[in-house]
Amino acid sequence: MADSAIKRIPVIKVNDDKSIDASDALAIEEPLEIRLEYGAENKRKLQNISVTMRTPGNDPELAAGFLFTEGIVKSTADIAAIDHCFIACAENKENVILVKLAESVIPELKNTERNFYTTSSCGVCGKGSIEAI
């Protein structure tokens, strides 16, 4: 697990009538917006696909697996590049990932008009963008 995925906090451990100062590791959970870029070189389209909660780390693999399991891409050959949206995004750069498809790939987007739902109790998942949170 990446260091940014863990936060250490001070705690007091109590056992019977004794207590000691200690630290505990907490897993971080943050939203990840998955964006898709596709189409001919001079007519590229950009579409927000989903927001899901995740522990930061392995975001490219998570995005690729999501697109594959939802039938949006058929194989790794469909994907030209995956990276965090460091240049084009003003805020939440580490929480937005852009998947660029190969020019010849036409993604299966008929089900993307609905916002995907990924189980979470906080209400974030299924939003169309981080700004919608």
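The values are calculated or read from the model by the stated rules, or taken from the named source; none is laboratory data. Because the structure is a prediction, the values reported are computed rather than measured. Neighbour counts run over all protein chains shown; Cβ positions are idealised from the backbone, glycine included.
Brief remarks on what is shown
- Count - residues of the stretch 1-59 that are of a type in the set (Gly, Ala, Ser) and either surrounded by 14 or more Cβ atoms within 10 Å (Cβ to Cβ) or in contact with a Ser or Thr (Cβ under 7 Å, 6 or more places away or on another chain) (or both): 5
- Within the option set Leu98, Leu62, being modelled with pLDDT of 90 or more, surrounded by 16 or more Cβ atoms within 10 Å (Cβ to Cβ) and more than 25 Å from Leu26 (Cα to Cα) holds for one residue only, Leu98.
- Condition check for Ile82: at pLDDT 95 or above, more than 10 Å from the chain's Cα centre (by Cα) and assigned to a strand (DSSP E or B): yes
- Which numbered condition Arg114 fails, given (1) out of contact with any Gly (no Cβ under 9 Å at 6 or more places or on another chain); (2) at pLDDT below 90; (3) not aliphatic (A, V, I, L, M): (1)
- Verdict on Ala40 being over 27 Å from Ser4 (Cα atoms) and out of contact with any His (no Cβ under 7 Å at 6 or more places or on another chain): yes
- Taking strands (runs of 3 or more DSSP E) as the structural unit, those lying wholly within the stretch 1-78 and holding at least 3 residues that are in contact with an Asp or Glu (Cβ under 8 Å, 6 or more places away or on another chain) and within 14 Å of Asn95 (Cβ to Cβ) correspond to 45-54.
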